[in-house]
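No value in this document is a laboratory result; all are computed from the given coordinates. What you are looking at is a predicted structure, and each value in this text was computed from that prediction instead of being measured. Neighbour counts are summed over all protein chains in view; Cβ atoms, including those assigned to glycine, are modelled from backbone coordinates with ideal geometry.
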Amino acid sequence: MQSIKFKSDKTIKIGGDTYKPYTVGNLPPSFGFKYGLNSHGQITEGISEWFNYKGLTYVKKQEGWYDAL
């Protein structure tokens, strides 16, 4: 069983993954689909996995190349 760690900025860490909380009105535009087209006609990956806890929707925080530096 993995432990859940609550951070001061309301993010949750489960195992090695960090999840960011969103309210229903502030969900990212890529929320709720696997793949879609952006304004340039390119295929982009959406957010298709999440969980709800205490009225917030938690989405796995995406690691960018700049986070690895």
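Residues of region 9-32 with an amide N closer than 18 Å to a point placed 7 Å from the Cα of LYS54 along the Cα-to-Cβ direction: 9-15, 18-24.
Give the Rg/Rh ratio for the chain, taking Rg as the radius of gyration of the Cα atoms and Rh as the Kirkwood radius, to two decimals. Kindly include the intermediate steps, with their values, before the conclusion.
Working: Rg = 13.7 Å, Rh = 13.6 Å.
With Rh from the inverse mean 1/r over Cα pairs, Rg/Rh is 1.01.
Applying both filters, DSSP loop and at most 16 other Cβ atoms within 10 Å, to the trypsin sites (Lys or Arg not before Pro) of the chain gives LYS7, LYS10, LYS34, LYS54, LYS61. Charged side chains reduced to their Cβ positions (Lys and Arg at +1, Asp and Glu at -1) give region 1-64 a dipole of some 280 debye around its Cα centre.
The length gained on full extension between GLU45 and ASP17, counted as 0.36 nm times the residue separation minus their Cα-Cα distance, comes to 8.2 nm.
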